[in-house]
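Engineer: Here it is: the structure, laid out below.
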2 protein chains.
Amino acid sequence: MSLLTVGTVAFDTIETPFGKAEMCIGGACTYISWAASYFTNKINLVSIVGDDFPQSEIDLLHGRGVDTQGLEIVKGKKSFFWAGKYHDNMNKRDTITTDLNVLADFNPILPKSYKNSEFVMLGNLTPEIQMQVLNQLESKPKLVVMDTMNFWMDIAWDALLEVIKRVDVITINDEEARQLSGEHALVTAAEKIHKMGPKVVIIKKGEHGALIFSEGKIFSAPGLPLAKVFDPTGAGDTFAGGFMGYLAGQEDLSFESLKRAVIYGSAMASFCVEEFSIEKLKRLSNEDIKERVDKFVEISRVTIY
Amino acid sequence: MSLLTVGTVAFDTIETPFGKAEMCIGGACTYISWAASYFTNKINLVSIVGDDFPQSEIDLLHGRGVDTQGLEIVKGKKSFFWAGKYHDNMNKRDTITTDLNVLADFNPILPKSYKNSEFVMLGNLTPEIQMQVLNQLESKPKLVVMDTMNFWMDIAWDALLEVIKRVDVITINDEEARQLSGEHALVTAAEKIHKMGPKVVIIKKGEHGALIFSEGKIFSAPGLPLAKVFDPTGAGDTFAGGFMGYLAGQEDLSFESLKRAVIYGSAMASFCVEEFSIEKLKRLSNEDIKERVDKFVEISRVTIY
């Protein structure tokens, strides 16, 4: 099924305790598209770059079944750029630079062929742009998922709530769920967020896994203990891409299917953090993914009686 | 099978955002014994109190199958007392008062009938006392488990390492595992701790559940999202008590059994935090425990294919 993804396509400069990567490929939409491309090959990408963005990277996305008609390339301008540095324990990072560049004037126009996309993944971006995309759709999608972050809660609260009202699923991390709901307990936070719109609330807990709250039911996906987290950048986007790609590929929106989708998303994110940028995501095999998913299932399996 | 437990039996004054409990019953050994008593009724308790400790509480333990020959009652002296205050999010607490009282001179003497205990649970206490207990055993137990905390890493490093060398299982929280091993990644931390002695490393992650590392295998037990954590005091001790009680009751030390034991320990801890002190632990039914265990299994169950 067709999957529309909107978000940034960008350059990142990342410093971790393990090294530094200058001007590597980044952006939420990039991670989402690469992760989703292992599960579905009808991806409609919506984003913006400058003419500094390498055509070779766009060609690689084509090769993965990504339609880039919706990727606006602005001549004479630069792509969005973010530089950050992670602390020793990888749980905190400092933003060194944020150059919006082309993103400052991003006004997404959906190509005609995108307007009936059946699955819509609103990557982390200003709520205004997420809303502009929703408003251009000509038929009701089977599923709309949004990812967001605390930054938009701080500076664009009302616009954010408007988008939240219109989505089926929201993915946020535990601290953001607390900020959004004003509740500390995640069960209560999820209840309040349900009332804002989304039937399904997915709370990402980094190394501790993820929780789904839906229809009064809860699923707790484990985190896979990794010996080395090389670079956490893009893990949340990759999670969202794997989750949404799996659902678009399966066309099954039952709670059991959502659980599997969260395991696939978690597996893809666990690959993402093993190398800088999208390097590892570029060269996975289906066998790699199957093995990793099996590990997630294996470590959480228990029989009591 | 007989289960020896050593640790504090004490009074606590606890303040949480939900209320204050003055001079309530506390202590690691209390929580361990109550939790374990739902799974085995041959518990050999080793601890010390002053003559201010209510006989009625000791009688209740008797009623649960706890042998208190090893509970020294010191006339004219006071029981160990701890007062603490939890912050809003319950993840951090301040110690207001620590009065060692009788604990300052605790020199445990094991009753003859305790010396061949088959399961030994060394509750959180000075490593010296934990060692004194081990040294009085006359036959090798089937399983020795120790609980400890960062405080002993700070002030009694060498003595702590001596105890760690002699136990089969260690239970510590994630930050403590990092401090003990000097490694941030929990997989690597567990590997280093294995080399210090324990074949099994159990890392408690509070609301995020627990991990078992054993024989190169990993199990991730979920945390049960609770709407209200009323008082986290004793949760780690209760976890240890449920874990060890289950194993002593089952006499099965396979990895599959350890996994079940961690689920039972987690279930008992989830009850503990719902009320002050040992209140909830005093009035559980087997049906309550079964239902709670089923919830833990239910929220982590997933079928991929």
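Engineer: If I filter the stretch A:214-230 for residues that are more than 13 Å from every other protein chain (Cβ to nearest Cβ), buried (at least 24 other Cβ atoms within 10 Å of the Cβ), under 14 Å from A:Arg292 (Cβ atoms) and modelled with pLDDT of 95 or more, do I get at least one hit?
Structural biologist: Of all residues in the stretch A:214-230, those more than 13 Å from every other protein chain (Cβ to nearest Cβ) come to A:215.
Now restrict to residues that are buried (at least 24 other Cβ atoms within 10 Å of the Cβ): none.
There is no residue in the stretch A:214-230 that is more than 13 Å from every other protein chain (Cβ to nearest Cβ), buried (at least 24 other Cβ atoms within 10 Å of the Cβ), under 14 Å from A:Arg292 (Cβ atoms) and modelled with pLDDT of 95 or more.
Engineer: I would also like to ask the following. Checking A:Gly182 against (1) buried (at least 20 other Cβ atoms within 10 Å of the Cβ); (2) within 14 Å of another protein chain (Cβ to nearest Cβ), only one condition comes out false. Which one?
Structural biologist: Only one criterion in (1) buried (at least 20 other Cβ atoms within 10 Å of the Cβ); (2) within 14 Å of another protein chain (Cβ to nearest Cβ) is unmet by A:Gly182, namely (1).
Engineer: I've got another one for you. From the residues in the stretch B:87-103 that are outside any strand (DSSP E or B) and surrounded by fewer than 11 Cβ atoms within 10 Å (Cβ to Cβ), which one is modelled with the highest pLDDT? Give the steps one after another, and end with the answer.
Structural biologist: First, the residues of the stretch B:87-103 that are outside any strand (DSSP E or B): B:87-92, B:100-103.
Then keep just the ones that are surrounded by fewer than 11 Cβ atoms within 10 Å (Cβ to Cβ); that gives B:88, B:92.
Working: B:Asp88: 76, B:Lys92: 82.
Top of the filtered list is B:Lys92.
Engineer: Might you check whether a residue that is in contact (Cβ under 8 Å) with a residue 60 or more places away in the chain, surrounded by fewer than 24 Cβ atoms within 10 Å (Cβ to Cβ) and within 14 Å of chain B (Cβ to nearest Cβ) occurs anywhere in the stretch A:189-206? Spell out how you get there, then give the answer.
Structural biologist: Initial filter on the stretch A:189-206 (in contact (Cβ under 8 Å) with a residue 60 or more places away in the chain): A:202, A:206.
From what is left, the residues that are surrounded by fewer than 24 Cβ atoms within 10 Å (Cβ to Cβ) are A:206.
Restricting the remaining residues to those that are within 14 Å of chain B (Cβ to nearest Cβ) gives A:206.
Yes, the stretch A:189-206 has at least one match.
Engineer: Inside the stretch A:105-149, can you point out the residues that are of a type in the set (Val, Ile, Thr) and either in contact with a Leu (Cβ under 7 Å, 6 or more places away or on another chain) or surrounded by 14 or more Cβ atoms within 10 Å (Cβ to Cβ) (or both)?
Structural biologist: Applying the first criterion (of a type in the set (Val, Ile, Thr)) to the stretch A:105-149 yields A:109, A:120, A:126, A:129, A:133, A:144-145, A:148.
Scanning the stretch A:105-149 gives A:Val120, A:Thr126, A:Ile129, A:Val133, A:Val144, A:Val145, A:Thr148.
Engineer: Can you name the number of the only condition in (1) touching an Asp or Glu at 6+ places or on another chain (Cβ under 8 Å); (2) more than 14 Å from chain A (Cβ to nearest Cβ); (3) free of Cβ contacts under 8 Å to residues at least 40 places away in the same chain; (4) not charged (D, E, K, R) that B:Ile304 fails?
Structural biologist: That leaves (2) as the condition not met.
Engineer: All but one of (1) touching a Phe, Trp or Tyr at 6+ places or on another chain (Cβ under 8 Å); (2) part of a helix (DSSP H, G or I); (3) closer than 18 Å to B:Lys280 by Cβ; (4) within 12 Å of chain A (Cβ to nearest Cβ) hold for B:Arg260; state the number of the condition that does not hold.
Structural biologist: Among (1) touching a Phe, Trp or Tyr at 6+ places or on another chain (Cβ under 8 Å); (2) part of a helix (DSSP H, G or I); (3) closer than 18 Å to B:Lys280 by Cβ; (4) within 12 Å of chain A (Cβ to nearest Cβ), the lone unmet condition for B:Arg260 is (3).
Engineer: Might you check whether a residue that is crowded, with 19+ Cβ neighbours inside 10 Å, aliphatic (A, V, I, L, M) and within 13 Å of another protein chain (Cβ to nearest Cβ) occurs anywhere in the stretch B:235-251?
Structural biologist: Going through the stretch B:235-251, the residues crowded, with 19+ Cβ neighbours inside 10 Å turn out to be B:235-249.
From what's left, aliphatic (A, V, I, L, M): B:235, B:240, B:244, B:247-248.
Adding the requirement that they be within 13 Å of another protein chain (Cβ to nearest Cβ) leaves none.
No, every residue in the stretch B:235-251 fails to be crowded, with 19+ Cβ neighbours inside 10 Å, aliphatic (A, V, I, L, M) and within 13 Å of another protein chain (Cβ to nearest Cβ).
Engineer: Something else about it: Quick one: how many residues across the stretch B:72-86 are touching a Lys or Arg at 6+ places or on another chain (Cβ under 7 Å) and either within 8 Å of B:Gly50 (Cβ to Cβ) or not basic (Lys, Arg) (or both)?
Structural biologist: 2
Engineer: Within the stretch B:265-288, count every residue that is within 14 Å of chain A (Cβ to nearest Cβ) and surrounded by fewer than 18 Cβ atoms within 10 Å (Cβ to Cβ).
Structural biologist: 2
Engineer: Report, by residue number, each residue of the stretch A:268-305 that is under 30 Å from B:Tyr264 (Cβ atoms) and out of contact with any Leu (no Cβ under 9 Å at 6 or more places or on another chain).
Structural biologist: Within the stretch A:268-305, A:Val293, A:Asp294, A:Val297, A:Glu298, A:Ser300, A:Arg301, A:Val302, A:Thr303, A:Ile304, A:Tyr305 meet the criteria.
Engineer: May I ask you to list pairs of residues, at least six apart or on different chains, whose Cβ atoms are under 7 Å apart, with the first in the stretch B:75-92 being more than 21 Å from B:Val273 (Cβ to Cβ) and within 14 Å of another protein chain (Cβ to nearest Cβ) and the second being assigned to a strand (DSSP E or B) and at pLDDT 95 or above?
Structural biologist: Matching pairs, first to second residue: none at all.
Engineer: While we're looking at this one, here's another question. Give me a count of the residues in the stretch B:289-301 that are facing chain A (nearest Cβ under 10 Å), in a helix (DSSP H, G or I) and of a type outside the set (Gly, Ala, Ser). Don't jump to the end; show me each part of the working.
Structural biologist: Step one: filter the stretch B:289-301 for residues facing chain A (nearest Cβ under 10 Å), giving B:290, B:293-301.
Remaining after also requiring in a helix (DSSP H, G or I): B:290, B:293-300.
Next cut, of a type outside the set (Gly, Ala, Ser) only: B:290, B:293-299.
Summing the residues that are facing chain A (nearest Cβ under 10 Å), in a helix (DSSP H, G or I) and of a type outside the set (Gly, Ala, Ser) in the stretch B:289-301 gives 8.
The values are calculated or read from the model by the stated rules, or taken from the named source; none is laboratory data. What you see is a predicted model; the values in this text were computed from it and never measured. Glycine also receives a Cβ, built like all others from the backbone with ideal geometry; neighbour counts cover every protein chain displayed.
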